[in-house]
Each structure stands twice: as structure tokens, then as C-alpha cells.
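Engineer: A single structure is presented below for examination.
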Amino acid sequence: MAKEPKRPEIPDDLIRLQRAANAARVEATRETYSREGWQPWVEAAAVVQNAIAEHAAEAGVNRFELEMAVKKAAREADGAEG
């Protein structure tokens, strides 16, 4: 019998990082593009990507599946507030 892949658990800190990256994206795209204006988004996205990759490696889960789950959880959390 085939072994089922491990489903990723989503730590709260990853959701917080993704929400911060989402908020930085919203801010960055309010104005016309500038390197300085988009830098906070670029940095926030890099932080969340590194954290997801690190957690996936430590937990032995698929990084892509974890990333998709984190993004979905962050969207749901943002929707719950508004």
C-alpha cells in the first residue's frame, strides 16, 4: 500500500510572515513602481519564502504544498478580519 504524503502543519509564525508580505504588496502596488517603494515587499517575500523552505525541510513536508497552505491560511485570516 502506498504511503500517503505528510500533510503540512502550518505554524502561526508562517501565517504572520505571509500576512506581512501580503500587506507589503498592497502598500507597494498603491503607487507607481519604484525600487524604494517595492523594497519592503521584496524583503518581506524573501523572509517568508526562506521561513517556508526551512520549515518544510525540518518537518519533512513538500515545500510547495506548505507554501500553498500558508498562503491560503493567510488569505483566510485576512478575510476573517475584514
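Engineer: Taking 8 Å as the Cα distance limit and 6 or more residues as the minimum spacing, I'd like the relative contact order of the chain as a percentage.
Structural biologist: With pairs under 8 Å counted, the relative contact order is 43 percent.
Engineer: For the chain, report the % of Cα-Cα distances exceeding 15 Å.
Structural biologist: Of all Cα-Cα distances in the chain, 59 percent exceed 15 Å.
Engineer: What nm distance separates the two modelled labels at T32 and V47, each placed 7 Å from Cα along Cα→Cβ?
Structural biologist: It is 2.9 nm.
Engineer: Would you compute, from DSSP H runs of 4+ residues alone, the mean residue ellipticity of the chain at 222 nm, taking -39500 (n - 2.57) per run and dividing by the full residue count, rounded to the nearest 500?
Structural biologist: -25500 deg cm²/dmol
Engineer: Leaving out ligands, DNA and RNA, and with a 1.4 Å probe, what % of the accessible surface on the chain is carbon or sulfur? Please report the intermediate quantities before stating the final value.
Structural biologist: Details: 3170 of 6080 Å².
Here carbon and sulfur together make up 52 percent of the probe-accessible area.
Engineer: Further, regarding this structure: For the chain, what does the accessible surface come to per residue with a 1.4 Å probe? Please give it in Å².
Structural biologist: About 74 Å² of surface per residue is accessible.
Engineer: How much FRET efficiency would the formula 1/(1 + (r/R0)^6) give for A77 and R25, where r is the Cβ-Cβ distance and R0 is 22 Å, rounded to 0.05? It would help to have the intermediate numbers written out before the result.
Structural biologist: Details: r = 15 Å, r/R0 = 0.69.
Calculated transfer efficiency: 0.90.
The values are calculated or read from the model by the stated rules, or taken from the named source; none is laboratory data. Please read these numbers as outputs of a predicted model, since none were measured by experiment. Virtual Cβ from ideal backbone geometry, glycine too; neighbours counted across all protein chains shown. Side chains included, ligands, DNA and RNA excluded: accessible areas come from the protein's heavy atoms. Shrake-Rupley method; radii C 1.70, N 1.55, O 1.52, S 1.80 Å.
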